[in-house]
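Here is the structure we will look at.
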Amino acid sequence: MSSKTKDSSASAGKSDKKKLAPWAFWPPLIFIVILCVWVVSSPAAAGVALASAFTFVTTQLAWYFQLIFLAVVALLIFLCVSPIGKKRFGSEKPEYSKFSWIGMIFTASAGFGMLTWTSIEWFYYAQTPTWGIEPFSAEAMEWASLYPLFHWGPVAFGIYILLGVVVGYLMYCKKVTDVRPSTACTEVIGEKRAKGGLGKLFDAIFAIGLLCAVVTCVGVNVPTLFGIISRVFGGEPSFAAESGVILAWSALMAVLLYMGLKKGLKFFSDFRVWLGFGILAFLLIFGPTATMLNGFVDSVGMFIQYAPRLFLNTDPFAQSGTPQNWTVFYWCWYLVCALQTAIFYAKISRGRSVREFIIGALIGSVVGSWLFFMIFQSYCMNIFISNPVDVAGVLKASGQGAAIMSLWDYFPFIQFLYPVLMIYGFVSMQTLLNGQCYSMAMVTTKDLREDEEPPVWMRIFWSLGIGAVSICLLLIGGITPAQTVSIVTAVPMSVVLIIMVVGFFKELRRTGWVVDGKAEPVFDTPIESENEDAAETDDIPVSDAAVATVANPLPLNEAPSACKVSPTSAVSFNGNVSIDNNRVAVAEP
């Protein structure tokens, strides 16, 4: 190796170290180490503790998370109908056409997690329906078809969109290049605290929350993917086999991340979208088409009629546990995913109006997810009703992945479809986790330019770290441990997000909607001026030893006599006051 190459490598290494954001990097790393050591050394005790944490948060704080999402819906409506709805994210024209823009949000929903939840989520609600309804009755099945649409509908995506408005304003109106909780909360906590310990704490919470969100994705989807693999190659699910799948993911993630985001992910992302919607079209054509469409239309009707009732449902009397175990879990999961998803929404929405952004993002995200429920949920519910499938028995004996396979076994041409589903599942999880690992690397890197990527070693590190946590949680078994890490993290993360939103509205009230340095009022209250606290003077003689200071420029004929000068003169005093064209102007100190 030449000396020039060595110098270049050393320089790159030093540059990477300088770019490390310690307050965002070390807390999630410490979290990984502590969690892995704890679970490996005592999986039974860890399982009990995580289950207790799950129960505590979902029961004691159910009201809190329900109110948060009710407030989100109210704020989105306010943003649409208020003057803020007409404001735009920057002065530039939109980067993408409206069709392409909505399409990107639409296809973001085509993930493997949708196959998991659309196939089995309804069963949990039919098995333990809310309000004391008889399990698996016709009424229970109706509510079971509604609840998933509520959890994957406008209310759920609302938190992404609300924060997308905040992030879009910071990125394109205020030109903030490093969008972090610390910078977004400055209006409330102050610049000194934002750059100090409190801001670093907020950034650390965000980094840990993002890590937990990814672990939850892996934990709930690995059983489904391995269920497909067992159908293709045979064999039964085991800890070793599922760990092997996660290790394979982590290794491939490391390779793709080493290649770079655009090189490694674009092909897989496009392939995932086309294959996902191809599977939907296949099942719609060869499955019970009319039954699926009728079931979905009825579910949408239920949603329109009863969704408001579910906003604040905690089922305190029948105590089914459904709102706590599912609605609160989803709200917590969405909260820890919210900021990163909001950044994605905002990045592709430059030049859009606030109202256009809210309505378009809602349409794209809801339609994208509901298409999967129209096909997979309706089809699986029809299979359960029409065939002797013991889903409850399989679920208890072999877990969620096997229970889903017991329903998919009735799909048409399933022996040919399983390999396709396996490819789709592997590619979907790969693109999702690659994107999230890349986001983790960006969060834990500081001072990145717009065209700059985070260090390669950091991307590889987080891909391996996520794999390690996911394997450790497999030791406990079930999906509850994976759910719990997001639920617990959502408590502090919700506080950070609330401060961000409060700061956004507080700033709008104080300065108006600022674009390219120009402020436009959005409320009836006057906009505060930078010179508001400047001292107004009326009779201050101008001399070599004194400088006249006024709050606003004054016409020369209204200036105090001591300040009057010739109308044709141009005078400056100590660089602070200038008089030209019959006006007195005061420069900022």
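Would you mind checking the range 412-430 for residues with the amide N under 17 Å from a putative spin-label position 7 Å along Cα→C-beta of ALA251? Those under the cut-off are 426-427, 430. Per-residue Karplus couplings for the range 361-370, computed as 6.51 cos²θ - 1.76 cosθ + 1.60 with θ equal to phi - 60°, are listed in order as 5, 5, 4, x, 6, 5, 4, x, 7, 5 Hz, Gly and Pro entered as x. Take 373-379, 54-60 and order them by the average number of nearby Cβ atoms within 10 Å per residue, most first; the result is 373-379, 54-60. Calculated accessible area for the range 419-484 comes out at 34 Å² per residue, all protein chains present (probe 1.4 Å; ligands, DNA, RNA ignored).
Assuming R0 = 41 Å, can you tell me the calculated FRET efficiency for the pair ILE414 and GLU452, based on Cβ-Cβ distance, to the nearest 0.05? That gives a FRET efficiency of 0.30. Of the solvent-accessible surface of the range 389-495, computed with a 1.4 Å probe over protein heavy atoms with every protein chain present, carbon and sulfur atoms account for 64 percent. Taking all protein chains into account, the per residue accessible area for the range 34-172 stands at 38 Å² (1.4 Å probe). If the segment from LYS396 to SER100 were pulled out straight at 0.36 nm per residue, it would be longer than the present Cα-Cα gap by 102.2 nm. Under a 5 Å amide H cut-off, with hydrogens placed 1.01 Å from N, LEU20 pairs with LYS446 among residues at least 5 apart or on other chains. Here the simple spin-label model places points 7 Å from the Cα toward Cβ, and for PHE267 and ASP178 these points are separated by 3.6 nm. In a fully extended conformation the segment linking LYS347 and SER91 would gain 90.7 nm over its present Cα-Cα distance, using 0.36 nm per residue.
Could you give the length gained by full extension between LEU70 and VAL491, i.e. 0.36 nm per residue of separation minus their alpha carbon distance, to one decimal place?
This chain segment gains 149.9 nm when fully extended.
Label-to-label distance, LEU312 versus THR291, with points set 7 angstrom from Cα along the beta-carbon direction: 4.0 nm.
Our Cα-only numbers for the range 325-474 put the radius of gyration and Dmax at 19.8, 59 Å.
Taking the range 52-80 and a reference point 7 angstrom along Cα→Cβ of SER42, the backbone N atoms nearer than 15 Å belong to 52-53.
Taking a virtual spin label 7 Å from the Cα of GLN60 along the C-beta vector, which residues in the range 323-363 bring their backbone nitrogen under 18 Å of it? Counting only backbone N, you get 324-325, 328-329, 332.
The values are calculated or read from the model by the stated rules, or taken from the named source; none is laboratory data. Keep in mind the model is a prediction, meaning the values are calculated, not measured. Every residue, glycine among them, receives a Cβ derived from its backbone with ideal geometry; neighbour counts consider all protein chains shown. Calculation scope for accessible area: heavy atoms of the full protein, side chains included, ligands and nucleic acids excluded. Shrake-Rupley method; radii C 1.70, N 1.55, O 1.52, S 1.80 Å.
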